[in-house]
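I have placed the structure first, in the form of structure tokens, so that the comments after it can refer back to it.
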Amino acid sequence: MLHWKERRERAAFLALANGAIFRGWSFGAPVDTVGEAVFNTGMSGYQEIVTDPSYAGQFVTLTAPEIGNYGCNPQDEESRGLFLNGLVIHELNEPSNFRSEESLADYLKRNGKPGIAGVDTRRLTLMLRDEGSQKAYLHTSTEPLTEAEAVERARAWEGLDGQDYAARVTTGKPYEWNSEGEFHVVAFDFGIKYNILRGLAANNMRVTVLPAAATAEDALAQNPDGVFLSNGPADPAAVGYAIRTIRELIGKVPLFGICLGHQLFGLASGAECGRLKFGHHGCNHPVRNLLTNKVEITSQNHNFALKAGALPATLEVTHINLNDNTIEGVRHRTEPAASVQFHPEAAPGPHDSFSLFQEFRKLMER
């Protein structure tokens, strides 16, 4: 392991498509790549963040200033690998926690993912908030590259709009998560997290996971009591095959979706989806449950949202975001189907909305 003083000699920079340059030093894997720069406002949970498939294609800027203190370990992984394109932080610290088995720098390097530290993340966050998410190029390798060339590479990248990233992160074949449970649930993996599967299992559900491109026939052949639509990355409109599948499942089996699954359920029901200026990323987003009038602090990770003025009459809004009043949850007025934009599994994040797994169970009980 390199001493921190030696690491800081490895100059690196992040170039945004708007021409802004953020300089720092490299850690993790010394590779160059493109991605979309976003910011995450969580105070902790960096290992869960880097293993969240919903971050595929993105450079995640952590707004918390001190990162790496508690290290990494296999128990905190949320998927089979790291799917983000890179990590941007202010200060990288060596781990000093009894649960740590590996430093964040070594963890990223072993998984082939680059990071940049020493960045003015406050300035970067304010820029992304004011100007919106940016296509970007991260230079951490020894390849000779000027900042102007990096800006051009960022601008030339196709971006995430119109791109099906669910196909890139989904499982390659069906599998059983657990073998016991009163209810049998088929979960579509658009980028599913392990704690979602744990949450379903904890509520007495036996879970069969299917790839993103599985058909309605594939799901119904499992004779499920319910179908779960998982989180996932990028543009929901690009996952047309899933929209068609969900449309065929509505009314045939109870449905519950989160994050990308929420957006896909909305599109399958006739709603429209649009891009947010800088997305919602973090584990401290306030949401009002319109059915109970309670406020819940939620974990979120998405760049798109259902359009409030384009909902079909068949859908009722159940949750709204208190920061910007965007739609955070809907339910079908006549069929046993509902979805939320946030992550009730709390990995990372609060447990305010964990009861939504019980609500899914009630849909199947009815």
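Please state which of the following conditions residue 58 fails to meet, knowing it meets all the rest: (1) closer than 18 Å to residue 151 by Cα; (2) crowded, with 23+ Cβ neighbours inside 10 Å; (3) in contact with a helix residue (DSSP H, G or I) (Cβ under 8 Å, 6 or more places away or on another chain).
Among (1) closer than 18 Å to residue 151 by Cα; (2) crowded, with 23+ Cβ neighbours inside 10 Å; (3) in contact with a helix residue (DSSP H, G or I) (Cβ under 8 Å, 6 or more places away or on another chain), the lone unmet condition for residue 58 is (3).
Determine whether residue 255 is in contact with a strand residue (DSSP E or B) (Cβ under 9 Å, 6 or more places away or on another chain), of a type outside the set (Lys, Arg) and under 19 Å from residue 192 (Cα atoms). Break it down stepwise before answering.
On the way: in contact with a strand residue (DSSP E or B) (Cβ under 9 Å, 6 or more places away or on another chain): yes; of a type outside the set (Lys, Arg): yes; under 19 Å from residue 192 (Cα atoms): yes.
Yes, satisfied.
Anything in region 261-279 that is under 19 Å from residue 348 (Cα atoms) and surrounded by fewer than 24 Cβ atoms within 10 Å (Cβ to Cβ)? List them, or say none.
Result: 279, single match.
Any residue that is surrounded by fewer than 19 Cβ atoms within 10 Å (Cβ to Cβ), part of a loop (DSSP other than H, G, I, E, B) and polar (S, T, N, Q) - is there at least one of those in region 108-125? Quick ask: steps written out before the conclusion?
Here is the first cut: in region 108-125, the residues surrounded by fewer than 19 Cβ atoms within 10 Å (Cβ to Cβ) are 110-112, 120, 122-123.
Within this subset, residues satisfying the condition of being part of a loop (DSSP other than H, G, I, E, B) are 111-112, 120.
From the residues that got through so far, the ones that are polar (S, T, N, Q) too are 111.
Within region 108-125, one or more residues are surrounded by fewer than 19 Cβ atoms within 10 Å (Cβ to Cβ), part of a loop (DSSP other than H, G, I, E, B) and polar (S, T, N, Q).
Between a residue in region 90-106 that is not assigned by TED's automatic domain parsing to the domain that holds residue 70 and any residue that is assigned to a loop (DSSP other than H, G, I, E, B), which pairs come within a Cβ distance under 8 Å, given they are 6 or more apart or on different chains?
Within 8 Å, no pair qualifies.
Here's a check for you: in region 171-205, which residue that is aliphatic (A, V, I, L, M), buried (at least 23 other Cβ atoms within 10 Å of the Cβ) and not in a loop (DSSP other than H, G, I, E, B) is nearest to the chain's Cα centre (by Cα)?
196
Could you check residue 219 against (1) touching a helix residue (DSSP H, G or I) at 6+ places or on another chain (Cβ under 9 Å); (2) free of Cβ contacts under 8 Å to residues at least 40 places away in the same chain; (3) surrounded by fewer than 16 Cβ atoms within 10 Å (Cβ to Cβ) and say which number it fails?
Only one criterion is unmet by residue 219, namely (3).
For residues in region 290-311 being of a type in the set (Gly, Ala, Ser) and not in a strand (DSSP E or B), which is nearest to residue 350 (Cα to Cα)? Even if it seems obvious, please write down each step before you answer.
Step one: of region 290-311, the residues of a type in the set (Gly, Ala, Ser) are 299, 305, 308-310.
From the residues that got through so far, the ones that are not in a strand (DSSP E or B) too are 308-310.
Working: 308: 26, 309: 30, 310: 31 Å.
Among those that are of a type in the set (Gly, Ala, Ser) and not in a strand (DSSP E or B), it is 308.
Can you name the residue in region 207-250 that is of a type in the set (S, T, N, Q) and within 19 Å of the chain's Cα centre (by Cα) and, of all such residues, is nearest to residue 183 (Cα to Cα)?
230
Suppose the filter is part of a loop (DSSP other than H, G, I, E, B) and buried (at least 19 other Cβ atoms within 10 Å of the Cβ); does residue 287 pass it?
Considered against the rule, which asks whether it is part of a loop (DSSP other than H, G, I, E, B) and buried (at least 19 other Cβ atoms within 10 Å of the Cβ), residue 287 comes out as no.
Out of all the residues in region 139-170, which are surrounded by fewer than 16 Cβ atoms within 10 Å (Cβ to Cβ), out of contact with any Asp or Glu (no Cβ under 6 Å at 6 or more places or on another chain) and under 29 Å from residue 264 (Cβ atoms)?
Scanning region 139-170 gives a single hit, 158.
Return the only residue of 257, 279, 266, 226 being closer than 24 Å to residue 39 by Cβ, touching a residue at least 12 places away in the same chain (Cβ under 8 Å) and not acidic (Asp, Glu).
279
The values are calculated or read from the model by the stated rules, or taken from the named source; none is laboratory data. The shown structure was predicted, so the numbers you read here are calculated from the model rather than taken from an experiment. Every residue, glycine among them, receives a Cβ derived from its backbone with ideal geometry; neighbour counts consider all protein chains shown.
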